[in-house]
Amino acid sequence: MTDKAFFVHERGICESSQIGQGTRIWAFAHVLAGATIGSNCNVCDHVFIENDVVVGNDVTIKSGVQLWDGVRLGDRVFVGPNATFTNDRFPRSKQYPDTFLLTTVEEGASIGANATILPGITIGRQAMIGAGAVVTKSVPANAVVVGNPAVIVGYQTGPQVEPMVTQTMPGRVGDRLALDVGGCELWRLPHFGDLRGELAPLEFGSSLPFTPLRSFLVYGVPSDKVRGEHAHRECHQFLIAAHGRLSVVVDDGKSRKEVSLTEPSIGLYMPPGVWGIQYKFLADTTLLVMASHAYDAGDYIRDYSQFLQTTQHNGRG
């Protein structure tokens, strides 16, 4: 132990003085002079940290990790054993780019053991990168990704990803199920069927929570792609799986749930101020969306951090 506010093991090397209080740097780790590391971090054995690296507070970096120039880790990030960061898309020996690409891991995200993170991407806050995943594109906030290349398989809805099963909702037309997320509700819609086929009528004045001014269809979405990832300031939306099946994540900045839209007689009402994500599209799924307002680019909030700031300002977060 030294007289510094942070600890460096006798077999560790720390050339930087920009280390926060309570941080521990263990044996055979090497931190170069330009690196910045926050408070209460744990830098395990055999970690190498280059000069142009910024690490937030309460970060855990497990053994065998190298943080190269351009890596930025937010507060409370977890980096698992032997996870690999890169900073040059086209590396050649003895050839260096003018600047290295920035790779950002936002607050609270976790990266599993042996995952590979390509340069120039952002891993959103609270995202979970599975062990061994190869992450080639930016990862949305709260997403769970696995595989090579990594794809989204879920969203953090709490301690675990727990999709709601919409088939358990009451079957009577007009029944509603509150989701306790920003006023979102599942609606049971009119539906008739006989030997001639199925009919799902909608009366705009009574079957829906608002009179739509706009509607659109989303279809032809590959199963590994994600739609939505935005909120509206004023616009209300109503979502129906006109054909096929998909999952929708609703998030009000405080609570988050995932629901499954499986049939045309189930609709999802999303008031403004709710972050919405659609994914897990089955082949040939068609999503019908009805909106209370005409299209207005200024009504969209497309950045999740800005969305959280907006909900906190409105007293919802």
Requested in this report: Provide 60, 285, 99 ordered by accessible surface of protein heavy atoms (probe 1.4 Å), highest first.
Outcome: 99, 60, 285
Query raised in the report: Remind me, what semi-axes does segment 158-317 give for its equivalent ellipsoid, largest first in whole Å, using sqrt of 5 times each Cα gyration tensor eigenvalue?
Result: 25, 17, 16
Report task. Determine, at each q value in 0.26, 0.27, 0.31, 0.32 (inverse angstroms), the log₁₀ of I(q)/I(0) that the Debye formula gives when each Cα of segment 1-48 is one equal point scatterer. Result -> -0.93, -1.01, -1.34, -1.40
Query - Reachable aspartates and glutamates, given that their alpha-carbon falls under 18 Å from the alpha-carbon of residue 257 and they are not under 8 places away in the same chain - result: 162, 180, 185, 229
Query - Under Karplus coefficients 6.51, -1.76 and 1.60, residue-wise ³J(HN,Hα) of segment 203-219 in Hz, glycine/proline x - result: 9, 4, x, 9, 7, 10, x, 7, 8, x, 9, 8, 9, 8, 10, 10, 8
Report summary line: Of segment 120-153, those with amide N under 16 Å from the point 7 Å along the Cα→Cβ vector of residue 102 are 120-125, 138-139
Requested in this report: Please give the contour-minus-distance gain from residue 312 to residue 15: 0.36 nm per residue of separation, less the Cα-Cα distance, rounded to one decimal in nm.
Outcome: 102.9 nm
Report task. With label points built 7 Å along Cα→Cβ from the Cα atoms of residue 114 and residue 148, find their separation and express it in nm. Result -> 0.9
Query - Estimated distance in nm for a label pair at residue 51 and residue 245, the labels positioned 7 Å out from Cα along Cα-to-Cβ - result: 5.5
Query raised in the report: Using Cα atoms only, what is the angle between the long axis of helix 304-313 and the major principal axis of the chain, expressed in degrees (0 to 90) to the nearest 10?
Result: 70
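Tell me whether segment 96-247 comes out rounded, prolate or oblate; compute the Cα gyration tensor, take square roots of the eigenvalues as a ≥ b ≥ c, and use a/c under 1.5 as the rounded threshold.
It is prolate, given that a/c is not under 1.5 and a/b is the larger ratio.
Would you calculate the volume per residue, in Å³, of the smallest convex hull containing every Cα atom of the chain?
Numbers: hull volume 49.5 nm³, N = 317.
Per-residue hull volume (Cα only) is 156 Å³.
Please give the length that would be gained between residue 137 and residue 202 if that part of the chain were fully extended, namely 0.36 nm times their separation in residues minus their C-alpha to C-alpha distance (nm, one decimal). Each step should come with its number before you reach the end.
Details: separation 65, 0.36 × 65 = 23.40 nm, distance 3.96 nm.
Value of the extension gain: 19.4 nm.
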Requested in this report: Compute the signed sum of charges (Lys and Arg +1, Asp and Glu -1) over the other residues within less than 12 Å, Cβ to Cβ, of residue 46.
Outcome: +1
Query raised in the report: How many angstrom separate the Cα center of segment 216-236 from the Cα center of segment 69-118?
Result: 29
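Please compute the Kirkwood hydrodynamic radius over segment 3-136, one decimal place, Å, based on all pairs of different Cα atoms.
Values: mean 1/r = 0.0685 Å⁻¹.
Evaluated on segment 3-136, it is 14.6 Å.
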Query - Sum of -39500 (n - 2.57) over DSSP H runs of 4+, divided by residues of the chain (222 nm, nearest 500) - result: -1000 deg cm²/dmol
Report summary line: Sequence order, segment 60-75: Karplus ³J(HN,Hα) from phi using 6.51 cos²θ - 1.76 cosθ + 1.60, θ = phi - 60°, Hz rounded, Gly and Pro as x, gives 10, 10, 7, 4, x, 9, 10, 9, 8, 3, x, 8, 10, 10, x, 4
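Taking Cα pairs under 8 Å and at least six residues apart, what relative contact order does segment 181-267 come out at, in percent? Walk me through the intermediate numbers first.
Details: 92 pairs, mean separation 31.5, N = 87.
The normalised contact order for segment 181-267 reaches 36 percent.
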Report summary line: Quick calc: nm separation of the 7 Å Cα→Cβ label points for residue 217 and residue 305 -> 3.9
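The values are calculated or read from the model by the stated rules, or taken from the named source; none is laboratory data. Note that the coordinates shown come from a computational prediction; the quantities given were computed from them, not determined experimentally. Cβ: placed from backbone, ideal geometry, glycine included. Neighbour counts: every protein chain shown. These accessible areas exclude ligands, DNA and RNA; they are computed on the full protein's heavy atoms, side chains included. Shrake-Rupley method; radii C 1.70, N 1.55, O 1.52, S 1.80 Å.
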